[in-house]
Amino acid sequence: DSEALTSNSGLAASLSNIINDFYAKDISRKVFSALRTKMENGEYIGAWEKYGYLKDPDNKNRLIVNPETAPVVQQIFLWRSEGMSYMGINRKLNEMDIPSPGQYKADRGIVTNNNRKDRTILWNKHKITEILNDIVYIGHLAQKKGSQCLYSGIPYHITSKDEWIIAKNTHDPIISDELFEKVQQINKEAVERTKANSGKYDHLPKAVNIYGKKFVCADCGAVMKLTRSISTKKDKAYFTFKCPTYAEHGARGCSDIKMRKGDLDEAVFAFIKAQMDVFLDMERSPSSSKTTLFRRFGL
């Protein structure tokens, strides 16, 4: 309690805080420097190994090929090189009951925030995209994709590619350079096609999800996604909230839960209006406020 401190003890507390802050920042600087040196030397510093690999039991900073999951990585790259879409690969892996990276960890008893929920963790488009763009599978390491620095006051953030620390030939590759480059070209062309079509319906209305993360699927808990569909004549836009888990995984992941944005807006605004009417009635007649409140909500 600073109120009971004497002038001398107050000074001691201030000096102690300054020293503690300096000590914490000094430790941060040393840790940051040590980790950067490891990355530049080609040592793997991730908490978990990359899918397709294991940490070398004799050297935790080195990756070795995992004979169980490496063939899955090879198949993913092969399918993509043949023109299969991200979602097509996603569906194929789930239909074949191949454990996703998250499920594979859970099956081995590794508990993470991702696998705490009591459900099967399915493959998703994000993970497929991540694998198909990672140079780890041709024997190189790209690290420092996220960064933070206590002593400089920089919070955690995703870094740009020019900030990554890349080390070549740090471990055995799973796929060939030729296959990797072919897939990168396919990925690049897909991005260009998407960009070319992105402004096609810019003349039609767009909508903003005003509910943020408040509106979730009652079955799986995922935040409902606002989607826009275009009429057959290409002259109107319709907005619907859909469960993203069902959209990606079908009945295997969740139920086909959806709601028109107009219907949801109407229901929410009607409820807000009813609440406002209650409080206005309470302002007009405080003595009957409780009766009004109970009557309005059928209590």
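The values are calculated or read from the model by the stated rules, or taken from the named source; none is laboratory data. These figures come from a predicted structure and were not determined experimentally. As a convention, Cβ positions derive from the backbone with ideal geometry for all residues, glycine included, and neighbour counts pool all protein chains shown. Remember, those area values only see protein heavy atoms, side chains included, never the ligands or the DNA or RNA. Shrake-Rupley method; radii C 1.70, N 1.55, O 1.52, S 1.80 Å.
Worth a mention:
- Selected residue (only one of Ala251, Ala218, Ala247 is out of contact with any strand residue (DSSP E or B) (no Cβ under 9 Å at 6 or more places or on another chain) and assigned to a helix (DSSP H, G or I)): Ala251
- Filtered residues of the stretch 202-222 (kept if open to solvent by 60 Å² or more (accessible area, probe 1.4 Å) and within 26 Å of Thr120 (Cα to Cα)): Lys213, Lys214, Val216, Ala218, Asp219
- Of all residues in the stretch 254-264, those satisfying the criterion of being in contact with a Lys or Arg (Cβ under 9 Å, 6 or more places away or on another chain) and assigned to a strand (DSSP E or B) are Lys258, Met259.
- Residues of the stretch 115-132 that turn out to be under 21 Å from Tyr86 (Cα atoms) and either modelled with pLDDT of 95 or more or assigned to a helix (DSSP H, G or I) (or both), as a count: 8
- Pair list, Cβ under 8 Å, 6 or more apart: the stretch 247-267 residue within 17 Å of Gly212 (Cα to Cα), other residue open to solvent by 70 Å² or more (accessible area, probe 1.4 Å) and of a type in the set (D, E, K, R): Lys258/Lys242
- When Phe32, Phe22 are checked against the criterion of being over 24 Å from Ser100 (Cβ atoms) and over 30 Å from the mean Cα position of the chain (by Cα), Phe22 stands alone in meeting it.
- Of all the criteria given as (1) more than 27 Å from Asp256 (Cα to Cα); (2) at pLDDT below 85; (3) polar (S, T, N, Q), the one not satisfied by Thr194 is (1).
- Identity of the residue in the stretch 192-251, of a type in the set (D, E, K, R) and in contact with a Ser or Thr (Cβ under 6 Å, 6 or more places away or on another chain), that ends up farthest from Phe269 (Cα to Cα): Asp219
- Single residue of the stretch 44-67 satisfying the filter (free of Cβ contacts under 8 Å to residues at least 24 places away in the same chain and in a loop (DSSP other than H, G, I, E, B)) that is nearest to Gly102 (Cα to Cα): Glu49
- When each of Thr194, Thr170 is tested for being of a type in the set (Ser, Thr, Tyr), out of contact with any Phe, Trp or Tyr (no Cβ under 7 Å at 6 or more places or on another chain) and closer than 24 Å to Lys125 by Cα, the lone residue that passes is Thr194.
- Of the residues in the stretch 102-112, at least one is among the β-branched types (Val, Ile, Thr), open to solvent by 60 Å² or more (accessible area, probe 1.4 Å), on the phi < 0 side of the Ramachandran plot and assigned to a loop (DSSP other than H, G, I, E, B).
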